1. Between residue 268 and residue 90, what length comes free when the chain is fully extended (0.36 nm per residue of separation minus the Cα-Cα distance, one decimal in nm)?
2. Show me, for the stretch 325-330, the HN-Hα J-couplings you get by feeding each phi into the Karplus relation (A = 6.51, B = -1.76, C = 1.60, θ = phi - 60°), rounded to Hz, glycine and proline as x.
3. Using mean projected area of the Cα convex hull in nm² as the read-out, say which of (i) 22.3; (ii) 20.8; (iii) 16.8 was calculated from these coordinates.
4. Sum -39500 (n - 2.57) across every DSSP H segment of at least 4 residues in the chain, then divide by the residue count to get the 222 nm mean residue ellipticity, nearest 500.
5. Can you tell me the order of 243-249, 305-311 when each peptide is scored by its average per-residue count of other Cβ atoms within 10 angstrom, highest first?
6. How large is ³J(HN,Hα) for each residue in the stretch 168-184, as worked out from phi by the Karplus curve 6.51 cos²θ - 1.76 cosθ + 1.60 (θ = phi - 60°), to whole Hz, x for Gly and Pro?
7. Under a Cβ-Cβ cut-off of 13 Å, what is the net charge of the residues other than residue 35 that fall near it, where Lys and Arg count +1 and Asp and Glu count -1?
8. Taking the Cβ of residue 327 as the center, what net charge do the other residues with Cβ under 15 Å away carry, scoring Lys and Arg +1 and Asp and Glu -1?
Amino acid sequence: MDNVLAADIAAFALLFIASAMLRRRFRHHGYAATAAGGIVMATGIFASFSLPRLPFHSPWLGRLVTIEIMVIWLFLAGSYLASALHRRFRMHVRHPLRRFAIGTWVAGTAVLATLCTEALPEAPLVGRVLALIAVALYLPYVLLFVHGYANLLRRALTQDADGVILLATVSTQSVVIALHTAFAGAFPLRLALGMIAFDLVFLCTGLVLIALHYRARRSWLLAVEWKNANCIIHGAVSITGLALVLVAPFQPAVLLDLWFVVLVLFTIVEAIEVIRMIERERGRGLRHAIFVYDTTQWARNFTYGMFYAFSFALQRQLDATQAVPDVFWLPALRGVASWGQYVVLAFLLVEMTLFFRARLRRAGRVTRSRRSSCSKGIN
């Protein structure tokens, strides 16, 4: 055990140094975007559920990936703390919808807490400390999203809500899962169920607000108005299902019905995404319409990973109870649970490619600008 911990510490030091050098080389000036916590959410849910089901997975690979995600989390946390110390924190809360994206900080920390508890069993304190940090972030965030929902409800027919408001659900359920995983029996079941019930109110309200927003705008361009964050529509329901599977003793029939709801929402939202992609390609071309990096795209990777996580956990529960429900969508569940990890991996690799390509291009522009400035100074 001591050798394993020593190896983990050495790996952390090496990965931290390598990541710091890479970040120094390609980082942009300014602070991390509010929604950048989605990076930890997407990679964390992948490492928790998809990575262990890939043929090349090994315990050491899982530990290294977990430690690297922890390093990314530290860099993001440092950036957010720096924005507060330099009196720039208002950038994260000034916009009435952008402030909901702070939920990515809560959910990212909670997902990392769950991942560390599972991947680093020799160091349970790490997962517990991260879970408590997630709670510390979540409590003020509750006030923020309750106030945000109240403002949206006051002008329900004219508000401009999108999927970002459902980060209230994602953050709540991720905290429930993190506390249940990190503290096991010490986390009261009644409290967990109370948090899930509390959050269901905001989930249903959020879905209604989003539907009202798009219904009120009868003439709108799908390529412009439909936001990346709308994929959280099915992701929020998926994480609710995952929380129910892991925490609450619900009947498989109830969970199967909920999974079918997620499947329908997933199909509708992603069909809209395909139509939006076609419209963008016609207007801007393939290169500038599709293969463009945006921080909010990590939310899509997270929701894909969460749909797979819910599917896998539900299928595992059905196998454990030897339940054979008579529903026509059971083959679809089995298909997602058996092969979904490869889809999650593929989309994550695409997103990482877009991320590094954007960073390389930005670094190239900075280098050319400096050379131009130097040549002007010489002349």
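Read-outs: derived from the displayed coordinates by stated rules, not from any lab. Note that this is a predicted model, so its numbers are computed, not measured. Counting neighbours? That spans all protein chains shown, and the Cβs are built from the backbone with ideal geometry, glycine included.
1. On the way: separation 178, 0.36 × 178 = 64.08 nm, distance 3.54 nm.
My answer for the length gained is 60.5 nm.
2. Rounded to whole hertz, the list is x, 9, 10, 6, 8, 4.
3. Looking at mean projected area of the Cα convex hull in nm² for this model, the match is (i).
4. Numbers: 14 runs with 288 residues, N = 379.
After summing the helix terms and dividing by residue count, I get -26500 deg cm²/dmol.
5. Working: 243-249: 18.6, 305-311: 28.3.
With the highest mean Cβ count within 10 Å placed first, the list reads 305-311, 243-249.
6. 4, 5, 4, 5, 4, 5, 5, 5, 4, 5, 5, 5, 5, 6, 6, 10, 6
7. Details: positive: 98, 99, 227, 300; negative: 162, 294.
Every neighbour counted, the sum reads +2.
8. On the way: positive: 334; negative: 257, 326.
Summing Lys/Arg as +1 and Asp/Glu as -1 gives -1.
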